[in-house]
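The values are calculated or read from the model by the stated rules, or taken from the named source; none is laboratory data. From a predicted model like this one, the values you see are computed outputs, not experimental measurements. Cβ: placed from backbone, ideal geometry, glycine included. Neighbour counts: every protein chain shown. Keep in mind that these areas ignore ligands, DNA and RNA; they rest on the heavy atoms of the full protein, side chains included. Shrake-Rupley method; radii C 1.70, N 1.55, O 1.52, S 1.80 Å.
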Amino acid sequence: SPVTPLGAAAKEIVKAGGFTSGLSARTPPTDTRIRKVAQTAFSPRRFKAIEPQIEAIVKRHLDKLEGKTEVDFFREVAYPVPALVLFTLMGIPDEDVDKVKDWATSRALLTWGNLKGDDQIPHAQGMVDYWNYCRALVAARKATPGDDFPSDMVRAQADGAEITDEEIAGVMYSVLFAGHETTTTLMANSLKVLMDNRDAWDALCADPSKVRSATEEILRYAPSIVSWRRMAKKDTQIGGVDIPTGANILVIMGSGNRDDAVFSEGEDFDIERANARTHLSFGYGIHFCIGFQLAKLEFGITLRELTQRFPNLTLAQGHPINYIPNISFRVPDRLIIKPHGDA
């Protein structure tokens, strides 16, 4: 249900492509049944198994910053690293990174953006291509299982788990988007926040043990997703306002994360904040992000390595940051840094 309704041409492309829906758009009991299977495959055991590979991916991309006077951190690190980590988990070849990233942008613009008319057509095709890629991946794992997330889902299905091939493809469609796009944004936004709060950056450089608490505060203060849509299932009241059944609601988690009733001086950035982890950046309730542990793991590794290798890092001046126009994802288009500061 895109924010801006699809035109006839875009609708036909989506319909002809056989697109159904991802995981986040489903409701119980279907959602509960599918998530139960997905969570068994998206396990801490599998994350732990690929941790050395995550560290290798992070270090390899941070190597690209060495010796550079100025470099786009978004393009060189934040953009590829989460995708390569996720694709390692999913068993997807590295050469498909840019393709899936482009499809993810199409999904974001078509679902949460303000595209109209013919501008929707290439992105509708991108979303369908993305969907069919996920379906093909499931079929490939059924033919030749591997040691990855879709293979785990297929094995669970073979062992009697109640999930269809199309539903596995829907999980893949959701995870392949949320599992890298949000972490890409988190990495870029976090560095901007830390450069704006130099004392916090210096504290992390001096004491890497603070990375864990800093991760929660960054998630609270600068979430990748600032809002999400919901529909009221029954008549209710929110803040004294009547909400009728069927009403569309825009939930502003970015605002909730700074609510002074929960977070003292909520507009302040404080990596020592005791209750930072009660933020809403991974959602709440039945749609709580199933990949939150992976996001924290790879972000924590990246932040730790970055602060230890580039303690003098600064933002380069004269490079304004623009954000992709949409209502949910706060995605910067670049982040030009000086890895070694003015040295």
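Placing +1 on the Cβ of every Lys and Arg and -1 on the Cβ of every Asp and Glu, with no other charges, gives the chain a dipole of roughly 720 debye about its Cα centre. Ordering 110, 336, 266 by the projection of their Cα atoms onto the charge dipole of the chain, which places +1 on the Cβ of Lys and Arg and -1 on the Cβ of Asp and Glu, puts 110 at the extreme positive end. Relative to the longest principal axis of the C-alpha atoms of the chain, give the angle of the C-alpha long axis of helix 80-90, reported between 0 and 90° and rounded to the nearest 10°. For helix 80-90, the angle is close to 40 degrees.
Rg then Dmax, both in Å and based on the Cα atoms of segment 1-104: 18.4, 54. Measuring between their Cα centroids, segment 206-279 and segment 96-174 lie 29 Å from each other. A Cα-only calculation for segment 96-202 places Rg and Dmax at 17.8, 54 Å.
Between residue 158 and residue 342, the distance separating the two model label sites (each 7 Å from Cα on the Cα→Cβ line) works out to 6.2 nm. Angle check, please: helix 165-196 long axis (alpha carbons) against the longest principal axis of the chain (alpha carbons), in degrees 0 to 90, nearest 10. For 165-196 against the chain, the angle is about 20 degrees. In degrees from 0 to 90, rounded to the nearest 10, what is the angle of the helix 292-309 Cα long axis to the longest principal axis of the chain? That works out to roughly 20 degrees.
When the surface is traced with a 1.4 Å probe over the full set of protein chains, residue 1 keeps roughly 120 Å² accessible. As a quick test, which of the pairs 68/296; 192/338; 59/192; 36/234; 64/338 have an alpha carbon distance above 23 angstrom in this structure? Distance filter (> 23 Å) returns 68/296; 36/234. Packing here is the average count of other Cβ atoms within 10 Å per residue, and on that basis the peptides 150-159, 266-275, 123-132, 315-324, highest first, run 123-132, 150-159, 266-275, 315-324. Only helices enter the 222 nm calculation for the chain: every DSSP H run of n ≥ 4 contributes -39,500 (n - 2.57), and dividing by all residues gives -16000 deg cm²/dmol, rounded to 500. Only aspartates and glutamates eight or more places from residue 15 in sequence, or on another chain, were considered; those with a Cα closer than 20 Å are 118, 119, 129, 165, 166, 167. The tail of the calculated P(r) for the chain beyond 28 Å holds 45 percent of all Cα-Cα pairs.
Excluding same-chain neighbours fewer than eight residues apart, the aspartates and glutamates reachable from residue 116 by a Cα-Cα span under 18 Å are 12. Out of the total accessible area of the chain (probe 1.4 Å, heavy atoms of protein only), what percent is carbon and sulfur? Roughly 53 percent of what the probe reaches on the chain is carbon or sulfur.
Assuming charge only on the beta carbon of Lys and Arg (+1) and of Asp and Glu (-1), the dipole of segment 257-340 about its Cα centre is about 400 debye to the nearest 20. Applying 0.36 nm per residue to the separation of residue 333 and residue 203 and subtracting their alpha-carbon distance, the gain on full extension is 44.0 nm.
The local environment of residue 257, defined by Cβ-Cβ distances under 15 Å, has a net charge of -3 under the rule Lys, Arg +1 and Asp, Glu -1.
Scaling the Cα radius of gyration of segment 49-163 by the globular reference 2.2 N^0.38 Å produces a ratio of 1.30.
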